[in-house]
Amino acid sequence: MPTKEEVMESLDAVLVPGATRSLVKLNLVRQVAISDQEVNISLASAALNEGTQDWLKAKVRDVTRKLPGVKEAEIGFVKAKPKDLNEIRHVVAVASGKGGVGKSLVTGLLGVSLARWGHEVGILDADITGPSIPKMFGISTRPSGSDSGILPVLSRLGIEIMSINLLLPNEDDAIIWRGPLIGGAIKQFWEEVLWGRLDYLLVDLPPGTADAPLTVMQSLPLSGVVIVFSPQELAAMVVRKAVQMAQKMNIPILGVVENMSYLYVPDTGKRIELFGSSKAQEMVKAAGAPLLGQLPIDPQLARLCDEGDIERYNSEAMNSFAEAFLQAISAKAR
């Protein structure tokens with residue numbers, strides 16, 4: 001007879017339709033009992049419609065019966081809510097306070113780096129009125145699910161993504177909502193989306209210090225926040241407000257990232273500071289947190305984002321930033 005570990009290993013190869021992540025990674029396996037050449041498996045039905053449940057029941061029975069010593073397999077479903085199944089090690093918000101400094105870009109780059117290094121990653125696009133994450137990743141697939149929950153959409157690299165733009169008839173449709181509705185949508189993305197087991201859930205915050213960022217900081221168990229800024233004095237001044245918000249909410253600031261820090265000219269080897277001298281040390285002092293990186297203006301990156309191919313981008317600055325992030329979150333966890 002197989003061991004429970006061997007059964008779980010076989011279930012980890014069963015991908016859930018609509019999510020293309022395994023039963024194990026979505027944390028849908030509730031119980032495995034083995035006795036007298038029979039295996040009984042209990043699965044959670046969260047976010048699974050009847051058709052998906054029927055398909056999984058047949059698939060799991062077939063996979064389990066192929067294990068040595070197994071003659072019969074019984075598969076059943078139990079009710080569960082996504083929020084009770086989600087196991088996320090680190091929830092990290094990416095904030096700016098100021099619009100246009102590249103907060104969503106930094107979120108995307110960090111998610112791509114972490115996924116390449118083997119981490120299980122999700123991105124919750126909390127910028128309800130200005131969502132840009134799906135466009136960067138070239139995703140237009142509508143999320144599937146059921147009355148009991150929603151399945152996020154998977155990117156090419158395997159990053160789970162949920163954004164209001166994936167639920168709209170057209171990506172250009174405007175969301176004209178007041179604060180309470182926006183806050184409610186963010187809570188739904190947290191509680192009603194089946195994220196499953198993740199190492200990192202990155203939350204792309206909207207700019208400002210009003211209802212939406214407040215909802216995230218009050219409702220989600222944040223491990224910390226990454227602050228994004230650009231060199232302009234006006235931008236740095238507004239971003240300092242986001243720093244103060246995080247501090248007043250007692251949310252750890254993992255570090256700061258200066259985006260659009262410079263333009264590198266390959267022909268001359270020079271760095272041109274298009275938006276003025278760096279504000280990095282000033283922001284480090286204001287946040288009381290380390291500098292995680294200085295990202296340049298890169299026309300190739302802009303083109304790939306426009307084409308929905310951010311996952312093809314790679315650079316030394318991007319990888320250095322992700323490495324510094326991992327060091328910072330590891331230090332906070334001690």
| Distance between modelled label sites at Ile175 and Glu282, nm, 7 Å Cα→Cβ extension | 3.2
| task | Determine the gain in length on full extension of the stretch Met8-Gln327; use 0.36 nm per residue of separation and subtract their C-alpha separation, reporting nm with one decimal. | result | 111.7 nm
| note | Around Ser223 (Cβ within 10 Å, Cβ-to-Cβ, excluding Ser223; K/R +1, D/E -1) the net charge comes to +2
| said: Explain nothing, just the number: dipole magnitude of the stretch 84-333 about its Cα centre with +1 on each Lys and Arg Cβ and -1 on each Asp and Glu Cβ, in debye rounded to the nearest 20. | reply: 700
| message | Let me check I've understood the local charge: for Pro207, count other residues with C-beta under 9 angstrom from its C-beta, Lys and Arg +1, Asp and Glu -1. What total comes out? | response | +1
| query | If each residue's Cβ is checked for other Cβ atoms within 10 Å, how do Phe229, Phe77 rank with the fewest at the top? | reply | Phe77, Phe229
| field | Rounded to 10°, Cα long-axis angle of helix 50-65 versus longest principal axis of the chain | value | 70
| Under Karplus coefficients 6.51, -1.76 and 1.60, residue-wise ³J(HN,Hα) of the stretch 10-24 in Hz, glycine/proline x | 5, 6, 5, 8, 8, 8, 7, x, x, 10, 6, 10, 6, 4, 6
| request: Return one number: the angle in degrees, 0 to 90 and rounded to the nearest 10, between the long axis of the Cα atoms of helix 179-191 and the longest principal axis of the Cα atoms of the chain. | output: 50
| request: Sort out for me the Cα centre separation of the stretch 269-334 from the stretch 141-176, rounded to whole Å. | output: 27
| remark: For the stretch 4-80 the mean separation of alpha carbon contacts under 8 Å (6+ apart) over residue count, i.e. relative contact order in percent, is 31
| field | Net charge of Cβ neighbours under 15 Å - reference Val91; Lys, Arg +1; Asp, Glu -1 | value | -2
| query | Which entry in [x] 1.27; [y] 1.19; [z] 1.09 is this structure's computed Cα Rg over 2.2 N^0.38 Å? | reply | [z]
| field | Gaussian network model of the chain, Cα within-10 Å springs - most flexible of Gly149, Gly76, Gly102 | value | Gly76
| remark: Rounded to the nearest 10 degrees, the helix 103-116 long axis (Cα) sits at an angle to the longest Cα principal axis of the chain of 50
| With r defined as the distance between the Cβ atoms of Lys71 and Glu50 and R0 fixed at 35 Å, what FRET efficiency is calculated, to the nearest 0.05? | 0.80
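No value in this document is a laboratory result; all are computed from the given coordinates. Bear in mind that the values here come from a model prediction, so they are computed numbers and not experimental data. No Cβ is skipped: glycine too gets one built from the backbone with ideal geometry, and neighbour counts run over all protein chains shown.
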